1. For a Förster distance of 22 Å, can you work out the FRET efficiency between the beta-carbons of Ala16 and Ala188, rounded to the nearest 0.05?
2. Which value in deg cm²/dmol, rounded to the nearest 500, describes the helix-derived mean residue ellipticity at 222 nm for the chain, given -39,500 (n - 2.57) per DSSP H run of n ≥ 4 and division by the residue count?
3. For region 129-192, would you read off the P(r) tail past 14 Å as a percentage of all alpha carbon pairs?
4. Hey, how many Å between the Cα centroid of region 112-160 and the Cα centroid of region 1-61?
5. Quick one: of the DSSP bridges fully inside region 2-268, what percent are antiparallel, nearest 5?
6. Take every Cα pair under 8 Å in region 186-246 that's 6+ residues apart, average their separations, divide by the length, and report that relative contact order as a whole percent.
7. Residue by residue through region 37-49, what is 3J(HN,Hα) from phi via Karplus (6.51 cos²θ - 1.76 cosθ + 1.60, θ = phi - 60°)? Round to whole Hz and write x for glycine and proline.
8. Using only the alpha carbon atoms of region 119-276, find the Kirkwood hydrodynamic radius as the inverse mean reciprocal pair distance, in angstroms to one decimal.
Amino acid sequence: MRAALVQLNSSDDPRANLEVARGFLREAAAGGADFVLTPEVTNCVSSSRAHQNEVLQTEDTDLTLAGLRAEAANLGVWLLIGSLGLKTGDPDGRFANRSFLITPQGEIAARYDKMHMFDVQLSQTEGYRESQGYRPGDRAVAADVGDTRIGMSVCYDLRFAYLYRALAHAGAQVLTVPAAFAVPTGRAHWHVLLRARAIETGCFVLAPAQCGTHSSSDGSERKTFGHSLAVAPWGEVLVDGGAAPGVSFVDIDPAAVKSARARVPSLTHDRKFEGP
């Protein structure tokens with residue numbers, strides 16, 4: 001399977017972002033990709049809840065979801081829409097941060113709602129309270145892309161290793177980690193955490209990312225780290241997308257998963273224990 005990681009610099013305008021994403025999907029398909037992946041919040045990067053309420057839509061009406069489903073069908077590729085910010089109708093008004101797996105026929109094969117909310121204070125001037133605007137999911141999801149099983153996650157989930165171990169035990173050979181990683185944590189932790197998740201599970205890790213300074217019509221501009229990564233089951237970085245938007249290609253060989261797990265079969269060594 002040939003995968004393509006799409007790195008974006010999405011704004012807070014979903015219509016403009018859709019056209020950019022469509023162009024990169026076509027570039028990915030022209031490069032021979034069978035499986036194309038976009039980053040977290042492909043449709044809208046915004047720090048303004050008021051603006052999000054104005055432009056975000058429900059799953060049934062979201063223009064990005066409809067447009068990318070149609071593009072996947074037109075190109076005949078599997079597509080992971082890393083995530084979309086979506087209205088949910090929840091009483092408290094919070095959105096979902098939802099990842100979608102789309103078939104080459106444009107059908108939704110799987111959905112995953114980001115479980116772990118990015119509530120952090122990185123410095124005196126940079127803090128995030130994702131749980132104020134988004135409600136967390138409560139279900140892990142694995143799904144098949146042809147003959148390859150993937151485990152779905154989003155961004156901050158990366159810090160919770162138990163999720164990825166559960167996905168590997170459920171048969172995942174590839175872990176998807178679409179992200180809009182903050183710059184300080186990206187510089188310090190992005191590469192090492194993605195490599196760790198690959199090594200711990202013997203999986204390929206595919207992590208398409210948002211990058212750069214994101215233009216905003218309302219609220220402060222956000223900056224993200226970029227460096228979309230593909231990591232092999234033994235921990236080697238196969239692709240690093242750098243700091244600019246674009247498409248990176250990587251070939252996925254399931255035999256590498258089998259080989260890594262045979263060399264260090266740690267997934268068969270789990271033990272129940274008491275304490276602490």
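Nothing in this text is a laboratory measurement; each read-out follows from the coordinates by a stated rule. Just so you know, these numbers come straight off a predicted model, no measurement behind them. Every residue, glycine among them, receives a Cβ derived from its backbone with ideal geometry; neighbour counts consider all protein chains shown.
1. Details: r = 31 Å, r/R0 = 1.43.
FRET efficiency, Ala16 to Ala188: 0.10.
2. Numbers: 7 runs with 71 residues, N = 276.
Here the helix-only value at 222 nm equals -7500 deg cm²/dmol.
3. Across region 129-192, Cα pairs with separations above 14 Å total 62 percent.
4. About 17 Å separates the Cα centre of region 112-160 from the one of region 1-61.
5. So the antiparallel bridges amount to about 70 percent of the total.
6. Working: 106 pairs, mean separation 20.1, N = 61.
Result for region 186-246 is 33 percent.
7. These are the phi-based 3J(HN,Hα) values: 10, 10, x, 4, 6, 4, 7, 6, 9, 8, 9, 9, 5 Hz.
8. Evaluated on region 119-276, it is 16.8 Å.
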